[in-house]
Amino acid sequence: DTLGIHEGRNVKVRFGDLQKIFKGANMNKLDLDIEFDGGANVEDIFMINVKYLIVHTDGEVKGQLKIDNKKVDDHWRTSIQTTGDSFNGDKPIIIINGVFQIKPEGTILDEPVKGIIEGTMNQFGHRVKADLDKGNRKFIRLDSKTKVNLQSHSMESKIKYSLLEGKMQGLLSLKYENLVFTLKNRDTKKTMEFTVTLSLGESLTFEVKKNGESLWMHKCLPTDNSFTTRVTLEDGSFLHPTVTWEGKLPQTKEE
């Protein structure tokens, strides 16, 4: 809905082989299906539903995570509920004004997993820390700090992570402001950055950078009867195809 672009979104993310990105990881495939409902522009009301599939070298884990936030009796009430192969939450976890403490216990590939996840709020935003152990090994360490401004439809989050006993560690940052979404990951060897820029009614641009240098850029320029793209590669060469068709672009959901 172009008249209410902040009200809802559905995003699907797939990593076909995480071992190519994170050397030493025992995780091959990651699929995320993320649905977001912004509550028809009602401030601070939202729902997020995440369906996930994780494929390891010796098995797979799949499930669902649902988060909704609404105001009840002058307090903000956040509900988190999970279902899946390893962790199941028949009763939702209730968070009041962003403050919570969770002590999950379960199994992943027949190994016990337990730890603590805590959320706090202050004048600078929301912070979530997670410490999970798998067997007697450090499985997940996360420290996330997030700022959200619903009036300007902007957000920024920084997540410091250490996974699989430090085999995968670094800083992941997400930022959305003025119709520009940026995802950046900095680990011990390199910095990767993915940017999506939307110019309403004009163009949609995707760009990937490595250590600050552009690897490729893909710019879409739609018109009524054609679709022009430009893909710029690391060596400076580019592809510039144009697709044309008869008739105009659909103007309604029915079309």
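Contact map, segment 100-125: residues that are touching a residue at least 40 places away in the same chain (Cβ under 8 Å) and over 20 Å from T146 (Cβ atoms) paired with residues that are open to solvent by less than 100 Å² (accessible area, probe 1.4 Å) and polar (S, T, N, Q), Cβ distance under 6 Å, separation 6+ or inter-chain. Pairs shown: I108/S86. Of K70, K66, all but one fail to be open to solvent by 60 Å² or more (accessible area, probe 1.4 Å) and either touching a Cys at 6+ places or on another chain (Cβ under 9 Å) or modelled with pLDDT of 80 or more (or both); the exception is K66.
All of (1) touching a Lys or Arg at 6+ places or on another chain (Cβ under 6 Å); (2) open to solvent by 60 Å² or more (accessible area, probe 1.4 Å); (3) at pLDDT 85 or above hold for G170 with one exception: (2). Taking the criterion of being hydrophobic (A, V, I, L, M, F, W, C) and touching a residue at least 24 places away in the same chain (Cβ under 8 Å), the residues of segment 48-77 that qualify are L53, I54, V55, V61, W76.
Going by what's in this entry, would K138 be described as modelled with pLDDT of 85 or more, in contact with a Lys or Arg (Cβ under 8 Å, 6 or more places away or on another chain) and open to solvent by 40 Å² or more (accessible area, probe 1.4 Å)? It is false that K138 is modelled with pLDDT of 85 or more, in contact with a Lys or Arg (Cβ under 8 Å, 6 or more places away or on another chain) and open to solvent by 40 Å² or more (accessible area, probe 1.4 Å). Scanning segment 138-155 for residues that are in contact (Cβ under 8 Å) with a residue 24 or more places away in the chain and either farther than 17 Å from K103 by Cα or in contact with a Cys (Cβ under 6 Å, 6 or more places away or on another chain) (or both) yields L150, Q151, S152, H153, S154. Restricting segment 177-206 to residues that are part of a strand (DSSP E or B) and more than 24 Å from S152 (Cα to Cα) leaves a set whose member that is modelled with the lowest pLDDT is D187.
In this structure, P241 does not qualify as out of contact with any helix residue (DSSP H, G or I) (no Cβ under 8 Å at 6 or more places or on another chain), surrounded by 15 or more Cβ atoms within 10 Å (Cβ to Cβ) and either at pLDDT below 75 or over 30 Å from Q123 (Cα atoms) (or both).
The values are calculated or read from the model by the stated rules, or taken from the named source; none is laboratory data. For clarity, every value in this text was computed on a predicted model and none was experimentally measured. In this analysis, Cβ positions are derived from the backbone assuming ideal geometry, glycine residues included, and neighbour counts consider all displayed protein chains. Only protein heavy atoms, including side chains, enter the accessible area calculation; ligands, DNA and RNA are left aside. Shrake-Rupley method; radii C 1.70, N 1.55, O 1.52, S 1.80 Å.
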